[in-house]
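Contents: one structure, followed by commentary.
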Amino acid sequence: MLNRYPLWKNLLILAVIAMAFVFAMPNLYAPDPAVQISGESSAMELDETVLNTATRALTEEGIVHFGETVTEKAALIRLSKVEDQLPAKRIIQRALGDRFVVALNMAPTTPDWLRSLGAGPMKLGLDLSGGVHFLMEVDTASAIAKRQESSIAEFKGKLREERIRYVSVDLSKEGVITAVFRSAEDRDSATAIFRKDFADLARETSDRDDGTFVVTATYTESAIREIENYAVSQNLTTLRNRVNELGVSEPIVQRQGRNRIVVELPGVQDTAEAKRVIGKTANLEFRLEAKPSELVTNKEQFDFRSEADQRRTGGAFLERQLIISGDHVSGAQSSFDPETNQPQVNINLDSAGGAKMHRSTRSNVGRRMGVLFIEYKTRLDRTINAAGEEVVTPRQLVEKKIISLATIQSALGVQFRITGLDNVAEASELALLLRSGALAAPMYFVEERTIGPSLGAENIRVGVLSVQIAFGIVLIFMLLYYKVFGIAANVALAANVVLLAACMSMLGATLTLPGIAGIVLTVGMAVDANVLIFSRIKEEVANGLPTQSAINAGYERAFTTILDANVTTLIVAVILYSIGTGPVKGFAVTLSLGILTSMFTAIMVSRMVINTIYGGRNVKKLWI
Amino acid sequence: MTIANKVINFMGARMIATVISGLLILGSIGSLAVNGLAFGLDFTGGVQIEVRYEHKADLEKIRGSLTESGYSNVVVVNFGSDEDVLIRMQQAFEESLGDEVVSLLKAEEAGQIELRRVEFVGPQVGAELRDSGGIGMLFALAVVMAYVAMRFQWKFALAAVAALVHDVIITLGVFSVFKIGFDLSVLAAVLAVVGYSLNDTIVVFDRIRENFPILRKTDSLEVVNVSLTQTLDRTLMTSGTTLIVLLVLFFYGGELLSGFSSALLVGIVIGTYSSIYVASNLLLGLKITKEDLMPPAKEDGEVDEMP
């Protein structure tokens, strides 16, 4: 029969809308302002006593708090007022001291039954939540230069090993390695070395007029890309670890483009503090343990980083001479020893590092080797000045601590492992420290934005207000113009907004101020499909078609137009997404999702309403 | 099938519209060449600080005290209200700059000053964004052209893209003439205008494609006029609702979105006009005929020939 949806189709549409309702619901629960406490290093565990100290300090200062929770990693204290967040952070930080990280947070208030379904609110962009945005550029050029230099050094080493005599081996500014030889045979054996050990270099041979023989080698484009990718991803890992140290809820650390990294820290206000932690440099040193008989001038005493080890041993003496530093470390992962099933850490070195490691360890099997973790820290000294004000002065200090001291079982090379670790947590902590000590290339800040919390709250307010007013006016407008059909369009429009909110929540898309503008725009543009259909129905009625056929023809014929019009708009939205950053990406996301959901609601949902009202019976006149 | 009773002779005003569009484009290009665009921080790079006073802010005084303290190229403007002030400067960034400026201003003023946001964009990043924005725009136009050429025919594609270029140039021209700040969100709005105007054009084109086989006797001009008349109801309705929501956004959406909504308001008015007087006009200029639509008409022919 014309204009009747089968039952299953109606049910399916209703089910989709009902599900959208459930998944959009968490957005209605406003989050509580909160402060979060975490340990300075991930190995530190929190307990009730820490939480009690914090809450007692808050109560003393008269700050209302509730809903405290504590896990091993972090404690959360909810506050009743946003204005209390900054004072509360200061009070808790003073009560707990420097060993804990106190950060602002927004605690979700989604009811448990919704959370158990996996529903949660949309993420808010920095322009809505307030916070800090950094864009950092990785100096990949220096990573490439470093790699080229180490290649040359390694190549010369190989030539000496094979007893090939060369006139010169040089690196040009453009990154071309030129090796000059006296004889063609030497040149050819050198070329063989290139072919065998430096496969990522493109080679070329030539004979010079002055009787010398030359081979030039350059990194291929793909090899350079690989070095860049490695440098960026290495820095990315390091940055993630450092950001975790800040204890920010839902931070974003992402690669952007070829050599940039975006860091977004919602809720953070103290940019200076964030920059100190992010820009902090750490390094590693591998040194042999000093023999007891070693002269005092050749050895140095260091503390262990782990408090348990430090209590047990009271530190250890290492040789002043270092084997290698952290820039030779190319990777470190924790895993299990397949034979004993004990936790271990696998370390990879670059080839130059591997060679040095081999030279130093082959004659020292049975001795112990220590790994030093070097951190450049900033401590804040709080003093009261003459006027009675609190003055905070930053102080730079270098901290060198032992993170591992293990017996050398055999000569080590580019790949070796550290075993004898107590548990998995210790192994992963050690791997993390090894990795974060090995920053592959320098980074610098190229963009920085701080948005105050009050501005964020205001942006949410004006955004929500605009959506409400726009929505209201469009509803009235459609109802007045299309009467009964206006009801169908309005139901579709409402379903569209709910569906859009649900999709964004489920996909974990970030809502930004331009994103809200995108929703407003979607409300205005989403009626387009219905307008197309309805004016088509009007036309068909004017052409003298019976009412039921007019409705059917209106929906059928408008479809191609709707499809073409929406696909082209979608193309533009997708391109916008790919060139945009941050807030603009948010706009592109709501715009494209809005196009997709509006196609569903304007065609299916409005049809369902119209079918229910008019379908399957004899209708004389359409209220359109 | 009968043609709707009254066909509005849109294309009667072809020549006048062509002249108007031509003048608008020339004016826009002229203004862009002379004034350029008032690029915002996103594209120029630099530092931007927004502060809020408790009472009406004295811009002259703020400018004076900042320049005195040695900040270079300081621009101080109100941002949305008398109390909100936006300070822009070209200068090397230090993390404490925001607090420095606030404490400097506090020394001169009684009452609280709230630091609302601090933004720093490196010059390199700004320049890259400008390039990628332009390239994105060109790429969008190229893809759209390909899609329309595939779904319709090359004459339609050319006309549609010409209308889009027309809209973008005039929207940019308006921003240039009135010296409205052009930031990333405005760029997004301009691309959204491309999307919207395209949507509008496609609806008209779709009708023209459909009408060519149906209205056998009439000439191209007549077909275009009939199609435009048939879609007029829809065009006005959709533009109407979209303009309404944009006006809401303009008045209630706050200062950060004002550039964005202005661009869309201008763009949608121009885009609606251009679907009729640039895209359809150019289609006639390209001498569109029924034969041009023969191959694609086949697939749609079945539907269209239904009684």
Among strands (runs of 3 or more DSSP E) entirely inside segment A:115-222, those with 2 or more residues being closer than 25 Å to A:Thr237 by Cα and open to solvent by 20 Å² or more (accessible area, probe 1.4 Å) are A:131-138
Being more than 9 Å from chain B (Cβ to nearest Cβ) and either touching a residue at least 24 places away in the same chain (Cβ under 8 Å) or under 24 Å from B:Asp131 (Cα atoms) (or both) is the requirement here; does A:Ile516 meet it? no
If A:Gly586 passes every condition in (1) more than 9 Å from chain B (Cβ to nearest Cβ); (2) modelled with pLDDT under 85; (3) out of contact with any strand residue (DSSP E or B) (no Cβ under 6 Å at 6 or more places or on another chain) but one, which one does it miss? (3)
For segment A:464-498, name all the residues that are more than 7 Å from chain B (Cβ to nearest Cβ), over 21 Å from A:Thr612 (Cα atoms) and not hydrophobic (A, V, I, L, M, F, W, C). A:Gln468, A:Gly472
Could you please find all residues in segment B:160-200 being open to solvent by 10 Å² or more (accessible area, probe 1.4 Å), in a helix (DSSP H, G or I) and modelled with pLDDT of 90 or more? B:Val161, B:Ala162, B:Val165, B:Val168, B:Ile169, B:Leu172, B:Val174, B:Val177
Among the numbered criteria (1) in a helix (DSSP H, G or I); (2) buried (at least 16 other Cβ atoms within 10 Å of the Cβ), which one does A:Met369 miss? (1)
So B:Asp233 ticks every box in (1) part of a helix (DSSP H, G or I); (2) in contact (Cβ under 8 Å) with a residue 24 or more places away in the chain but one. Which box is left unticked? (2)
So, restricting to strands (runs of 3 or more DSSP E) that lie completely within segment A:6-79, which ones have at least 1 residues that are open to solvent by 50 Å² or more (accessible area, probe 1.4 Å)? A:65-70
Given (1) in contact (Cβ under 8 Å) with a residue 60 or more places away in the chain; (2) more than 12 Å from chain A (Cβ to nearest Cβ), where does B:Val165 come up short, assuming only one miss? (1)
Test: residue in segment A:144-165 that is outside the structural domain of A:Leu511 (by TED's automatic domain parsing), hydrophobic (A, V, I, L, M, F, W, C) and farther than 30 Å from A:Gly354 by Cα: no
How many residues does segment B:245-255 hold that are in contact with a helix residue (DSSP H, G or I) (Cβ under 6 Å, 6 or more places away or on another chain) and either more than 8 Å from chain A (Cβ to nearest Cβ) or closer than 18 Å to B:Ile180 by Cβ (or both)? 5
Which listed residue is in contact (Cβ under 8 Å) with a residue 60 or more places away in the chain and within 14 Å of another protein chain (Cβ to nearest Cβ), from B:Val118, B:Val101: B:Val118
Out of all the residues in segment A:104-137, which are touching a helix residue (DSSP H, G or I) at 6+ places or on another chain (Cβ under 6 Å) and either in the same structural domain as A:Ala75 (by TED's automatic domain parsing) or within 24 Å of A:Thr55 (Cβ to Cβ) (or both)? A:Leu104, A:Thr110
Only residues that are closer than 17 Å to A:Arg536 by Cα and out of contact with any helix residue (DSSP H, G or I) (no Cβ under 7 Å at 6 or more places or on another chain): list them for segment B:221-244, please. B:Thr229, B:Leu232, B:Leu236
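Quick one: which of B:Ser176, B:Ser197, B:Ser185 is closer than 18 Å to A:Ile571 by Cα and of a type in the set (S, T, N, Q)?
On the way: B:Ser176 fails: closer than 18 Å to A:Ile571 by Cα; B:Ser185 fails: closer than 18 Å to A:Ile571 by Cα.
None of the other options fit; the residue is B:Ser197.
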Restricting attention to segment B:238-249, does a residue exist that is open to solvent by less than 30 Å² (accessible area, probe 1.4 Å) and not in a helix (DSSP H, G or I)? no
Every residue in segment B:267-284 that is open to solvent by less than 40 Å² (accessible area, probe 1.4 Å) and either without any contact (Cβ under 8 Å) to a residue 60 or more places away in the chain or farther than 26 Å from B:Asp219 by Cβ (or both), please. B:Gly267, B:Ile268, B:Ile270, B:Gly271
Can you name the condition, by its number, that A:Trp623 falls short on among (1) open to solvent by 40 Å² or more (accessible area, probe 1.4 Å); (2) within 11 Å of chain B (Cβ to nearest Cβ)? (2)
Go through (1) under 30 Å from B:Ser275 (Cβ atoms); (2) assigned to a strand (DSSP E or B) and name the single condition B:Gly36 misses. (2)
Would you call A:Leu412 open to solvent by 20 Å² or more (accessible area, probe 1.4 Å) and part of a loop (DSSP other than H, G, I, E, B)? yes
Return the residues of segment A:562-573 that are more than 7 Å from every other protein chain (Cβ to nearest Cβ) and within 21 Å of B:Leu236 (Cβ to Cβ); say none if nothing qualifies. A:Ile562, A:Asn566
Out of all the residues in segment B:201-209, is one or more buried (at least 20 other Cβ atoms within 10 Å of the Cβ), touching a residue at least 24 places away in the same chain (Cβ under 8 Å), within 12 Å of chain A (Cβ to nearest Cβ) and of a type in the set (Asp, Glu)? no
Conditions (1) away from chain A (no Cβ under 14 Å); (2) open to solvent by 20 Å² or more (accessible area, probe 1.4 Å); number of the one not met by B:Arg52: (1)
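What are the residues in segment B:264-304 that are among the basic types (Lys, Arg) and either modelled with pLDDT of 90 or more or at negative phi (or both), if any?
Correct list: B:Lys290, B:Lys298.
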Might you check whether a residue that is at the interface with chain B (Cβ under 9 Å from one of its Cβ atoms) and charged (D, E, K, R) occurs anywhere in segment A:542-561? yes
Just for segment A:471-489: of the residues that are open to solvent by less than 20 Å² (accessible area, probe 1.4 Å) and in contact (Cβ under 8 Å) with a residue 12 or more places away in the chain, which one is farthest from A:Asn27 (Cα to Cα)? A:Tyr482
Considering B:Glu94, B:Glu119, which residue is open to solvent by 40 Å² or more (accessible area, probe 1.4 Å) and at pLDDT below 90? B:Glu94
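Looking for whichever is of a type in the set (S, T, N, Q), away from chain B (no Cβ under 14 Å) and without any contact (Cβ under 8 Å) to a residue 24 or more places away in the chain here; the options are A:Ser168, A:Ser142, A:Ser189, A:Ser183. Which one fits?
Just one listed residue meets the conditions, A:Ser168.
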Taking the stated definitions as given, is B:Leu41 in contact with a Ser or Thr (Cβ under 6 Å, 6 or more places away or on another chain), of a type in the set (A, V, I, L, M, F, W, C), within 22 Å of B:Phe260 (Cβ to Cβ) and in contact (Cβ under 8 Å) with a residue 24 or more places away in the chain? no
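The values are calculated or read from the model by the stated rules, or taken from the named source; none is laboratory data. Please read these numbers as outputs of a predicted model, since none were measured by experiment. Positions of Cβ are generated from backbone atoms using ideal geometry, with glycine treated the same way; all protein chains shown enter the neighbour counts. Note: accessible area is taken over every heavy atom of the protein model, side chains too, but ligands, DNA and RNA are not part of it. Shrake-Rupley method; radii C 1.70, N 1.55, O 1.52, S 1.80 Å.
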